[in-house]
Amino acid sequence: MTATATETGTALPGRHPQRWIILGVICLAQLTVLLDNTVLSVAIPSLTRELDASTADIQWMINAYSLVQSGLLLTAGNAADRYGRKKMLVAGLALFGIGSLTAGLAQSSTQLIAARAGMGVGGALLMTTTLAVVVQIFDDTERVKAIGLWSTVNSLGFAAGPLIGGVMLDHFWWGAIFLVNIPVVAIGLFAVVALVPESKNPQGDRPDLLGALLSTIGMTAVVYAIISGPEHGWTSTQVAASAVTGVLVLGVFVLWELRIPHPMLDMHFFRNQRFIGAVAGAILVAFGMGGSLFLLTQHLQFVLGYGPLDAGLRTAPLALTVVALNLTGVGARLLPRIGTPGTIAVGMTLVSAGLASIALLGADGYGGMLLGLVTMGAGVALSMPAMANAIMGAIPPEKAGVGAGVNGTLAEFGNGLGVAVLGAVLNSRFAALVPTVAGAVSLPAALAAAGSPGERARISDAFASGLETSQLVGAVAVLAGGLLAAMLLRRAERADEVRAAA
C-alpha cells in the first residue's frame, strides 16, 4: 500500500485483498475483550473465598473495567483516528495482555481492581479500533455483512463468557480466567502486525487533551451514577453528585468541542438526522438487551427455580439466534431490499415482541421465555448491524475511530440505563405489592422474613408481577425507540434524495 493510502483517513481503494482474514483477526481481539465482560461473574464465589473480597470489592472488580472502558471510548476512538488505528490496536492488545497477566497473578482485591482498570484501558482501544478498521477495509457492498459478523462476536462473547469461565474454574484456580487471554493476545498481536493496514486522519497533529479529559470524566461519572443508582438509591448524595457532575462536565465538553478547530467529537454530526436516528435506535436496543437480561437471570432463578449455571445456559438461545442469523447473512440480504429504516423498524419490533412474550408467556415455564429469547435474537440480528452501519455511514471515514467510540459508548450507556430503569420499575412494583414485608425490596430478604408458606407464595407472585411489569415497560420503550429511529432515518434519506435531484 502506498504512503498516501496509508496516511489518509479515507477508505482504502477497492476491497482489501486480505479483508476477510483481517476481519477474523480483529474479531478474535474483540472476542477476548467481550468475554472478559461476562466471565468474571462466575468467579465471584472463588474471589470472595480466596481473596477475602467484600461485596464492595466484588462490585469494584466488575465496575472498574466497565467504568474505565466506557469513559475512555470516545478518547480512544479519537486517538486511533489521530495516531493510527493499527498502532492503537496493537497498543490495546498489549495493554489488555499486561492487565490480564497482572489480574491472574493478583494477591489482593486492590491489585485485582487496579489490573481490571488497566484492562479497561486496553479494552477501550480495542472496542473502538476494531470497528474502525472494518469500515476502512470493506467497501459499501460488503460493509453491512462485515459489521454483521462483527456484531455476531458481541453476542458470542456474551453467551460464551459464563460457560468458558465455569469450565476453567472446574479445572483451575480463579486466575486462569485471566491468564487464558494471554495466548489469544499473543496470536492477535502477531496477526495485527503482519496483516492489518495502517490508516489515520492526517489532521491529527494536535491532540484534544482537554476534550479527552472532559469526555472521560463526564462519561465515567454518568455511567457510575447509572450503575450505582439501583444499589444506593437514585436520590442518595453519592448518585446525585455523580450524575450532576457528569452532566455538567459533559456540557462543558460540548461547549469546548464547538469552539476548537479540530474537535475530538464534531458536534455537527448531531445535525445529521441519519446519525441521530441511528443513535436513538442503538441506545434503545442496548436498553432492551441490558435490562431484559438483567431481569431474565432473576426470573429464571427466583421464579422458575433454576440454578445459576442452568439459568446461564437458558439465556444462550438469544445470543445463539443472533450468531446463526448473522453468520447466514440474513440481515445483510434484507437491508438492500427494505432499506435501513425498514430493517431497523422490523428488528426493533421483534425485540419488543420478544420482551412482551417473555413477560406474558414466560411466567409459568421456560417455553414462553424460549420463544421470546429467539424472537429478541432475531430482532437484534437485524437491527444492530444496520444501526452500527448507519452510525458509521453518517460519519466521515477519517473519523471512523470516533464513530466506533460513539457506537461503543451508546452500547455501554444503553445497557446501564436498561439495568437501572427496568430494575427500578421491578423494585417499585414489588415493594408496592408487598409493603408490609420487611426487606420487600429484596426477594431473598422478603422470603426470609415471611412467616408462612402462604405469605412466601404471595411474595414470589409479587416479584413475578414486578418482573412482568418491568419487561413490558422495556418492550414499549424499545418499540417506540425503533419507530422513532426508523422515522428519522427515512426522513434523512428523503432529504438526501431531494438534494441529489436538485
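Out of (1) open to solvent by less than 20 Å² (accessible area, probe 1.4 Å); (2) modelled with pLDDT of 75 or more, what's the single condition that is false for LEU284?
Status for LEU284: all satisfied but (1).
Considering only residues that are at pLDDT 70 or above and in contact with a Gly (Cβ under 8 Å, 6 or more places away or on another chain), which ones fall in segment 379-393?
Answer for segment 379-393, where residues must be at pLDDT 70 or above and in contact with a Gly (Cβ under 8 Å, 6 or more places away or on another chain): GLY379, VAL380, ALA381, LEU382, SER383, MET384, PRO385, ALA386, MET387, ALA390, ILE391.
Report whether or not ALA363 is open to solvent by 10 Å² or more (accessible area, probe 1.4 Å), modelled with pLDDT under 75 and more than 16 Å from LEU422 (Cβ to Cβ). Even if it seems obvious, please write down each step before you answer.
Numbers: open to solvent by 10 Å² or more (accessible area, probe 1.4 Å): yes; modelled with pLDDT under 75: yes; more than 16 Å from LEU422 (Cβ to Cβ): yes.
So ALA363 fits the description; yes.
Looking only at residues that are among the aliphatic types (A, V, I, L, M) and in contact (Cβ under 8 Å) with a residue 60 or more places away in the chain in segment 450-479, which one is most open to solvent (accessible area, probe 1.4 Å)? Break it down stepwise before answering.
First, the residues of segment 450-479 that are among the aliphatic types (A, V, I, L, M): 450, 457, 459, 462, 464, 467, 472-473, 475-479.
So of that shortlist, the ones also in contact (Cβ under 8 Å) with a residue 60 or more places away in the chain come out as 464, 467, 472, 475-479.
Working: ALA464: 26, LEU467: 0, LEU472: 59, ALA475: 6, VAL476: 99, ALA477: 30, VAL478: 0, LEU479: 65 Å².
Ranking the candidates gives VAL476 first.
Which residue is surrounded by the fewest Cβ atoms within 10 Å (Cβ to Cβ), if the candidates are limited to segment 207-220 and must be more than 12 Å from VAL252 (Cβ to Cβ) and in contact with a helix residue (DSSP H, G or I) (Cβ under 8 Å, 6 or more places away or on another chain)? Give the steps one after another, and end with the answer.
Step one: filter segment 207-220 for residues more than 12 Å from VAL252 (Cβ to Cβ), giving 207-209, 212, 216, 219-220.
Restricting the remaining residues to those that are in contact with a helix residue (DSSP H, G or I) (Cβ under 8 Å, 6 or more places away or on another chain) gives 207-208, 212, 216, 219-220.
Values: PRO207: 15, ASP208: 22, ALA212: 18, THR216: 21, MET219: 24, THR220: 20.
For segment 207-220, the residue satisfying everything is PRO207.
So how many residues does segment 321-339 have that are assigned to a helix (DSSP H, G or I) and at pLDDT below 80? Break it down stepwise before answering.
Taking segment 321-339 and keeping what is assigned to a helix (DSSP H, G or I), we get 321-327, 330-339.
Going one step further and asking which of them are at pLDDT below 80, we end up with 323, 326-327, 330-336.
Of the residues in that region, 10 qualify.
Which of the following residues is at pLDDT below 85, over 30 Å from ASN427 (Cβ atoms) and either part of a helix (DSSP H, G or I) or open to solvent by less than 20 Å² (accessible area, probe 1.4 Å) (or both): PHE269, PHE253?
Values: PHE253 fails: at pLDDT below 85.
The match here is PHE269.
Among the residues of segment 302-315, which ones are surrounded by fewer than 18 Cβ atoms within 10 Å (Cβ to Cβ), in a helix (DSSP H, G or I) and at pLDDT below 70?
PRO308, LEU309
Which residue pairs have Cβ atoms under 7 Å apart, sit 6 or more places apart or on different chains, and have a first residue in segment 353-381 that is on the phi > 0 side of the Ramachandran plot and touching a residue at least 40 places away in the same chain (Cβ under 8 Å) and a second that is assigned to a helix (DSSP H, G or I) and open to solvent by 10 Å² or more (accessible area, probe 1.4 Å)?
Cβ pairs passing all conditions: none.
Being under 15 Å from GLU198 (Cα atoms), in contact with a helix residue (DSSP H, G or I) (Cβ under 9 Å, 6 or more places away or on another chain) and either at pLDDT below 75 or in a helix (DSSP H, G or I) (or both) is the requirement here; does MET119 meet it?
Details: under 15 Å from GLU198 (Cα atoms): no; in contact with a helix residue (DSSP H, G or I) (Cβ under 9 Å, 6 or more places away or on another chain): yes; either at pLDDT below 75 or in a helix (DSSP H, G or I) (or both): yes.
Judged against the criteria, MET119 is not a match.
All but one of (1) open to solvent by 20 Å² or more (accessible area, probe 1.4 Å); (2) modelled with pLDDT of 80 or more; (3) not acidic (Asp, Glu) hold for ILE358; which doesn't?
Failing condition for ILE358: (1).
The values are calculated or read from the model by the stated rules, or taken from the named source; none is laboratory data. Given the structure is predicted, the values throughout are model-derived calculations rather than measurements. For neighbour counting, all protein chains shown are included, and Cβ atoms are generated from backbone atoms with ideal geometry for every residue, glycine included. Accessible surface areas use protein heavy atoms only, side chains included; no ligands, DNA or RNA. Shrake-Rupley method; radii C 1.70, N 1.55, O 1.52, S 1.80 Å.
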